[in-house]
Amino acid sequence: VDYLKYDNCYNNNIPPKQRYPPMRDALNSTGRPIFYSLCEWGKDDLATWAGDVGNSWRTTGDISDNWNSMLSIIKENDKWWKYAGPGGWNDPDMLEVGNGGMTQTEYRSHFSLWAISKAPLIIGCDVTNISKYSLSILSAKEVIAINQDSLGIQGHIVNQTTNYQVWTGPLTNNTVAMLLFNPSSKSTTITAWLSDLGIDSTKPYYVRDVWQQENIGAFTGSFSTKVDSHDVFMAVLTPVY
């Protein structure tokens with residue numbers, strides 16, 4: 001056993017603080033690493049106290065395979081970003097990529113949001129009957145690299161309106177992840193100010209599009225690009241030395 005999820009069903013009204021530690025102790029007694037996932041549907045604010053109990057904890061109720069559910073789930077998860085870190089992660093539930101309830105563009109946004117949030121990337125579709133496009137999303141190496149970055153700091157929203165969101169999170173080697181997300185029904189131009197990303201806005205940064213796997217160029221102060229409805233632009237920023 002490499003991964004154990006302790007769900008909330010049939011819990012006999014035993015509080016999570018009483019129910020989860022004994023399983024932690026049992027897993028630790030095996031003498032081998034086992035990822036311990038706590039799932040009590042985000043009811044007891046596990047992010048604030050479960051860091052020494054499990055390796056991940058659900059911050060929300062169950063996700064459904066539709067756009068509005070995904071938006072609601074990631075919004076709820078984002079408020080706990082400060083509590084995540086190496087060895088203990090916020091879990092907004094499994095991925096719905098490939099299940100058919102969202103468009104290909106929406107699934108790409110879904111995967112990007114989970115990746116920058118350092119969420120566990122648990123595949124939730126039938127992998128024996130997966131489309132080539134869904135597989136390309138789930139195996140996007142540079143997007144996954146952001147999720148798996150060893151610094152382990154969860155990305156979060158730093159600027160938003162009703163038409164867009166700017167997400168960011170620091171990575172190793174003085175690089176930064178940036179996600180420009182358009183949840184609205186129309187295409188829009190999104191501007192990210194480098195100061196909002198927590199970096200020096202007076203110095204140039206290379207911008208690399210991690211979905212297209214191509215370098216866009218060097219920018220100082222801000223970066224702007226058009227993002228289609230329900231789509232994302234995701235990049236890694238690297239300082240120009």
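The values are calculated or read from the model by the stated rules, or taken from the named source; none is laboratory data. All of these numbers come straight from a predicted model, not from anything done at the bench. Ideal geometry is used to build each Cβ from the backbone, glycine not excepted, and the neighbour counts take in all protein chains shown. In case anyone asks, the SASA skips ligands and DNA or RNA and just uses the protein heavy atoms, side chains included. Shrake-Rupley method; radii C 1.70, N 1.55, O 1.52, S 1.80 Å.
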How far is it, in nm, from the label point at MET23 to the one at ILE123 when both lie 7 Å from their Cα along the line to the Cβ?
2.4 nm
Note: ILE144 to THR189 extended length (0.36 nm per residue) minus current alpha-carbon separation gives 13.7 nm
Could you grab the relative contact order for the chain? Cα pairs under 8 Å, six or more apart, rounded to a whole percent.
13 percent
Accessible area of the chain belonging to carbon and sulfur atoms, whole % at 1.4 Å probe:
49 percent
Rank these by accessible area, largest first, 1.4 Å probe: CYS39, CYS9.
CYS9, CYS39
Acute angle (nearest 10 degrees) that the helix 104-116 long axis makes with the longest principal axis of the chain, alpha-carbon atoms:
70 degrees
Extension gain GLN213-ASN163, at 0.36 nm per residue separation less the Cα-Cα distance, in nm?
15.4 nm
By the gyration tensor of its Cα atoms, with a ≥ b ≥ c the square roots of the eigenvalues, what is the shape of the chain: rounded for a/c under 1.5, prolate for a/b over b/c, or oblate?
prolate
Spin-label model distance (nm) - LYS82 vs SER224, 7 Å beyond Cα toward Cβ
3.3 nm
For THR30, THR225, THR162, give the ranking by accessible area with the largest first, probe 1.4 Å.
THR162, THR30, THR225
Once exposed loop trypsin sites (Lys or Arg not before Pro) are cut out (DSSP; at most 14 other Cβ, 10 Å), longest piece of the chain
80-185
Local electrostatic count at SER187 - Lys and Arg +1, Asp and Glu -1, tallied over other residues with Cβ under 15 Å
-1
For the range 150-157, just list the computed ³J(HN,Hα) in residue order, Karplus coefficients 6.51, -1.76 and 1.60, θ = phi - 60°, integers in Hz, with x standing in for Gly and Pro.
5, 5, x, 9, 5, x, 7, 6
Please compute the length gained on full extension between VAL240 and LYS132, using 0.36 nm multiplied by the number of residues separating them and subtracting their Cα-Cα distance.
35.3 nm
Could you do me a favour and compute the accessible area per residue for the chain, 1.4 Å probe, result in Å²?
49 Å²
Give me the net charge of CYS39's neighbourhood, meaning all other residues with Cβ under 11 Å from the Cβ of CYS39; Lys, Arg count +1, Asp, Glu -1.
-2
Please state the shape class of the range 35-101: rounded when a/c is under 1.5, otherwise prolate if a/b exceeds b/c and oblate if not, all from the C-alpha gyration tensor.
prolate
Using only the alpha-carbon atoms, how far is helix 67-78 inclined from the longest principal axis of the chain? Give it as 0 to 90 degrees, nearest 10.
80 degrees
